[in-house]
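Visitor: Just dropping this structure here.
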Amino acid sequence: MSSGANARRGILLFSFGTVIGLALALFLVWADLEARLFDPSLPGERTMGIRCPAMIGSDETVTASATFHNPLDREIRYVIRTHVSEGHVTVMRRHDDQLPLAPRERQRLTWEVRPEDAVYGLFALVKVHLFGNYPLPARGGSCGILFVNLPLPGIVMFGLCLALALGGMVGGQLLWARANRPMRESALDTARAMVVLSALVLFGLLMGLLNIWLIGLVAVAISVLLIVVLVGYRVEKRKK
């Protein structure tokens, strides 16, 4: 097999992995943004961590959870209000919980999320508000879960998407580098760009998983801009 054919296969494989990774990062960031905008009657400041799975399949029920801690030297009773979407941004289930905690005690609360909770057929949304308890301030948090209409567990689908993205990007880079040995200056520039693009895509994925939507969106936008620049560079190079 010629080095030129290997190089083309490497670029195609890398492009495939990049598209999968970017799409996954974009949907995770979008889900988090929708959760932040969901139900404005509850404050949306992200000062409390909410744990949610990245995806939910059509045949499973998953849970969102949050851990509450009493840092004081006396017993307190937290009042927590949680809203979970029910297929529409204006229709939701409401959960009101009262949680007594001894000094320094921690407890975790969970809330069920079902496939039919997804709004737009895409995202199940959860928003939690912890009412203030002097001297502790009120806190809030939210998360979005990507719904995929397949009879597979969400964790399996996420793992497959992540494996395809990583395998495509890493495998494509290795195949391309092998086909371009020894590397000249232009090949080195392309290799560096591929590494930077891979890092940006993975960073966007991480931000989506951590519910940091703004930084994740910036990472996705820079990734798309870098792709446009690289494609333009390749087109101009072929014209010369």
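The values are calculated or read from the model by the stated rules, or taken from the named source; none is laboratory data. Predicted model only: the values in this text are computed from it and were never measured. Positions of Cβ are backbone-derived with ideal geometry, glycine not excepted, and every protein chain shown enters the neighbour counts.
Visitor: Quick check on the stretch 92-109: of everything there that is aliphatic (A, V, I, L, M) and in contact with a Ser or Thr (Cβ under 9 Å, 6 or more places away or on another chain), which residue is surrounded by the most Cβ atoms within 10 Å (Cβ to Cβ)?
Guide: Among residues in the stretch 92-109 that are aliphatic (A, V, I, L, M) and in contact with a Ser or Thr (Cβ under 9 Å, 6 or more places away or on another chain), the one surrounded by the most Cβ atoms within 10 Å (Cβ to Cβ) is M92.
Visitor: Could you tell me which of the residues E112, E75 is at pLDDT 95 or above, more than 30 Å from L166 (Cβ to Cβ), outside the structural domain of A179 (by TED's automatic domain parsing) and surrounded by fewer than 21 Cβ atoms within 10 Å (Cβ to Cβ)?
Guide: E112
Visitor: Can you tell me which residue is modelled with the lowest pLDDT among those in the stretch 1-50 that are within 30 Å of V195 (Cβ to Cβ) and of a type in the set (K, R)?
Guide: Within the stretch 1-50, the match that is modelled with the lowest pLDDT is R8.
Visitor: Go through the stretch 110-153 and give me each residue that's under 26 Å from S58 (Cβ atoms) and among the small types (G, A, S).
Guide: A118, G121, A124, S142, G144
Visitor: Just to verify a result, which residue in the stretch 197-211, among those that are free of Cβ contacts under 8 Å to residues at least 24 places away in the same chain and either under 15 Å from L28 (Cα atoms) or not aliphatic (A, V, I, L, M) (or both), is surrounded by the fewest Cβ atoms within 10 Å (Cβ to Cβ)?
Guide: So the residue we want is L210.
Visitor: So, in the stretch 140-196, of the ones that are among the hydroxyl-bearing types (S, T, Y) and crowded, with 17+ Cβ neighbours inside 10 Å, which residue ends up modelled with the lowest pLDDT?
Guide: Result: T190.
Visitor: A further question follows. Could you list, in sequence order, all residues of the stretch 16-33 that are surrounded by fewer than 21 Cβ atoms within 10 Å (Cβ to Cβ) and in contact with a strand residue (DSSP E or B) (Cβ under 8 Å, 6 or more places away or on another chain)?
Guide: F27, W30, L33
Visitor: While we're on this one: Could you run through the stretch 64-109 and say how many residues are within 18 Å of L146 (Cα to Cα) and in contact (Cβ under 8 Å) with a residue 40 or more places away in the chain?
Guide: Within the stretch 64-109, residues that are within 18 Å of L146 (Cα to Cα) and in contact (Cβ under 8 Å) with a residue 40 or more places away in the chain number 7.
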